[in-house]
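In what follows, a structure is listed as structure tokens, so that the remarks can point back to it.
The values are calculated or read from the model by the stated rules, or taken from the named source; none is laboratory data. Worth saying up front: this structure is predicted, and the values here are computed from it rather than measured. Note that each Cβ is placed from the backbone with ideal geometry, even for glycine, and that neighbours are counted across all protein chains shown.
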Amino acid sequence: MHLREDSPFTGFDFTVVADPHRARAFHLNRYGMYAWSADGELRARMSTAEKPFKPLVHFALLECTPAGELLLAHRKQHLLLRVPVPQDLDDLAVAVEAALKGYGRERTALKKQYAPVNWLWSDSAATVHHL
């Protein structure tokens, strides 16, 4: 692990979420997303320097749901993203990449439908969408 980039102290982002049902822990900072197994072994690291994971720098890690999904929130757009965590943490990068691609499509559809101004919804009929 890199002493600076892999540290929660980088950017003072100390959010670590746990999935107690599957004995896993997750962390997201400006350099990447990390996943650990129950024995403390780093099983997945997705660097935000890589193209598919660059959008992760705009998200905050909120929680791990009982269904085993990671819940992330976009810091400026206030949209939620659910990432299904696969049984094998080695496949987490594929799941995150697919969720981010889906997020982009869904976000564009919401923008066309409700025409927000600076992500303030002018239409009060806008409903909550899970992306």
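Every residue, every condition in (1) farther than 19 Å from L89 by Cβ; (2) modelled with pLDDT of 95 or more; (3) within 16 Å of the chain's Cα centre (by Cα), yes or no:
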{"site": "F9", "(1), (2), (3)": "yes, no, no"}
{"site": "R22", "(1), (2), (3)": "no, no, no"}
{"site": "R30", "(1), (2), (3)": "yes, no, yes"}
{"site": "E41", "(1), (2), (3)": "no, no, no"}
{"site": "T48", "(1), (2), (3)": "no, no, yes"}
{"site": "V57", "(1), (2), (3)": "yes, no, yes"}
{"site": "H78", "(1), (2), (3)": "yes, no, yes"}
key: Enumeration of residues in region 82-101 that are more than 16 Å from C64 (Cβ to Cβ) and charged (D, E, K, R)   = D88, D90, D91, E97, K101
Failed criterion for K112 (all others in (1) more than 20 Å from D13 (Cβ to Cβ); (2) modelled with pLDDT of 90 or more; (3) not in a loop (DSSP other than H, G, I, E, B) hold) = (2)
task = Taking only region 71-104 into account, find how many residues are buried (at least 18 other Cβ atoms within 10 Å of the Cβ), β-branched (V, I, T) and assigned to a helix (DSSP H, G or I).
result = 1
request  = Can you give me the number of residues within region 22-34 that are touching a Cys at 6+ places or on another chain (Cβ under 9 Å) and exposed (fewer than 14 other Cβ atoms within 10 Å of the Cβ)?
outcome  = 1
